[in-house]
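Just so it is clear, none of the values below were taken in a lab; they were calculated from the coordinates. Quick caveat: nothing in here was measured; it's all calculated off a predicted structure. Note that we place each Cβ from the backbone using ideal geometry, even for glycine, and neighbour counts take in every protein chain shown.
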Amino acid sequence: MTDRSDASSGDKTPHNGQMAPSKKVFVKTYGCQMNVYDSERMVGLLKPLGYAPSDVPDDADLVILNTCHIREKAAEKVYSDLGRIKKHKTKKPDMKVAVAGCVAQAEGAEITARAPVVDMVFGPQAYHKLPEMIARAARDSGEVLETDFTVEEKFDRLAEREVDGYSAFVTVQEGCDKFCTFCVVPYTRGAEVSRSVDAVTAEVRSLASRGLREVTLLGQNVNAWHSPAPAGHIAGHTEGSTFGLGELVRHIAQIDGIDRIRFTTSHPRDMDDGLIAAFGEEEKLMPYLHLPVQAGSDKILKAMNRGHTAETYIRQIEKVRAARPDIAISGDMIVGFPGETAEDFEMTMEIVREVNYASCFSFKYSRRPGTPGATMPLQVPEDEKSDRLARLQALLEEQKQAFNAAQLGRVLPVLFEKEGRNKGQLIGRSPYLQAVHAVATPDMLGQIVPVEIIGCAPNSLEGALAGLKEKTS
Ligand code: SAH
Ligand code: SF4
Ligand code: F3S
């Protein structure tokens, strides 16, 4: 009888001390890339406890919703998802349900009051305590709540993660001290903290040893990253003993195997000359910069507490383009911030025309509880916000299509990352982060291959192999 023989093999712990997967964890990730990174690290941490990742929540032993609080819609989605998960838990009563991430940090115990199906609530600084929290949730019947900001190095206590493909995120900086008046991030992620050069380098080296070709350095304010230079470093591009993001990029670029480096998201206030120069000098740094401006009117930028003007932003873009003329500029825009008049909005349209974005995200202002913007007078009516957003998005779409069309006929190095929808096709990214699909052989996965751009679809480029020689930039 099979179950007897299973029982006699008893202990499922292999010799390395890790438990063979016997339980399933379903993780759903909302929001930004930092949450994607955190989710991967949580899965890595749960693996030695015997949890294998599952694509569906239906019969999972543990469900983790890694949530986002940035706009009302994102936060509300969590509650509708919890409604669905409740049905699965009815069928599998020992299922444990956790709400992690920024909604957990912002709403804390309100979550279990509103959704009793939830067993655990923990914020972004508590992930390394996951094993202990699971044990507590199994032992006690009450809910587990962890929303303190601890100064402990969350990253160093999280286990290695498994990564698919050839490109990975690496969080180098967490938190935000900027306090834009519309934004919840400083409250959900805490103060700005930078990881050390050695910790980041070790993580990137480990990714390179597993065959990864590209890393994207992440932070809510990634260009505010700074840390003491590693021991024995001889100052090259900068004098002194502190590394900024530009130095970190140059340092990481020395790691063999890693051929592409990106970073996101930058703040105009922290865009220093060393980082700008790196775009022109470090060939592994990809020509793509996400630098949100949010609005084009100085009156609105001041009310948002952005700490820059439209003019200073434009000057920075000019500098970046002088360093790397073909760079793709990307950004974020908010329409309908309190006090935004039709005239202010025209200034947003104007700055967009001036910058000419390769891609740009745009949002209607969402009132977030606890932020200064939520109680400001002159809130803009919803239909006005919708009209402005539609006009802005039409312009941004035009710019994006023009940027894509400008690649027609060019040969771009493409890092092939996965198989395409059609047989014989691979999909990868251009240096400008555009998705490119081309007929190519599976052995080209993980390679950077010259591809001639022969077609343009709304969200991707079509390419044809231009040769077999590998290029990196
Ligand atoms: N740290 C990054 C981005 C953080 S959030 C930065 O400063 O650029 C990502 C984007 O969400 C922001 O750039 C902003 O455009 C948008 N956003 C943040 N809060 C918002 C709100 N209350 N309503 C609408 N959009 C918002
Ligand atoms: Fe939010 Fe502003 Fe900080 Fe970005 S810089 S995370 S928009 S407060
Ligand atoms: Fe959302 Fe938190 Fe990221 S609010 S955008 S998940 S930092």
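A few remarks follow.
- Across the chain, the mean sequence separation of Cα contacts (distance under 8 Å, 6 or more residues apart), normalised by length, yields a relative contact order of 9 percent.
- DSSP finds beta bridges in the chain, and of those with both partners inside it, around 35 percent are antiparallel.
- Whole-number percent relative contact order across segment 316-445, with pairs defined as alpha carbons under 8 Å at least 6 apart: 20
- At an R0 of 35 angstrom, the distance between the Cβ atoms of Asp332 and Glu162 translates into a FRET efficiency of 0.70.
- Kirkwood hydrodynamic radius of segment 154-405, Cα pairs, Å: 19.4
- Length available on full extension from Arg410 to Thr341: 0.36 nm per residue minus the Cα-Cα distance, which gives 20.6 nm.
- Extension gain, Glu72-Ala464: 0.36 nm per intervening residue step, less the Cα-Cα distance, totals 136.8 nm.
- Legend note: in the chain, cysteines whose Cβ sits 4.7 Å or more from every other cysteine Cβ are Cys32, Cys68, Cys102, Cys176, Cys360, Cys456.
- Beta bridges from DSSP with both residues in segment 350-473: antiparallel share about 85 percent, rounded to the nearest 5.
- Secondary-structure-derived ellipticity at 222 nm for the chain, considering helices only, amounts to -10000 deg cm²/dmol, per-run term -39500 (n - 2.57) for DSSP H runs with n ≥ 4.
- Projected onto planes of every orientation and averaged, the convex hull of the alpha-carbon atoms in the chain covers 25.7 nm².
- Once both labels are positioned 7 Å from their Cα atoms along Cα-to-Cβ, the gap between Val439 and Glu318 label points is 4.8 nm.
- Relative contact order [Cα under 8 Å, 6+ residues apart], segment 265-392, whole percent: 26
- Overall form of segment 237-308 per C-alpha gyration tensor (a/c, 1.5; a/b vs b/c): prolate
- Label-point separation, Asp94 to Arg139 (7 Å along Cα→Cβ), nm: 1.8
- Computed from the alpha carbon atoms alone, the convex hull of segment 2-149 holds 122 Å³ per residue.
- Centroid-to-centroid separation of segment 394-473 and segment 187-207 [C-alpha atoms, Å]: 31
- Considering segment 180-222 at the alpha-carbon level, its Rg and Dmax are found to be 14.2, 43 Å.
- Once the Cβ-Cβ distance of Ser206 and Gln425 is raised to the sixth power relative to R0 = 30 Å, the FRET efficiency obtained is 0.45.
- Here the simple spin-label model places points 7 Å from the Cα toward Cβ, and for Lys418 and Leu378 these points are separated by 4.6 nm.
- Overall form of segment 158-287 per C-alpha gyration tensor (a/c, 1.5; a/b vs b/c): oblate
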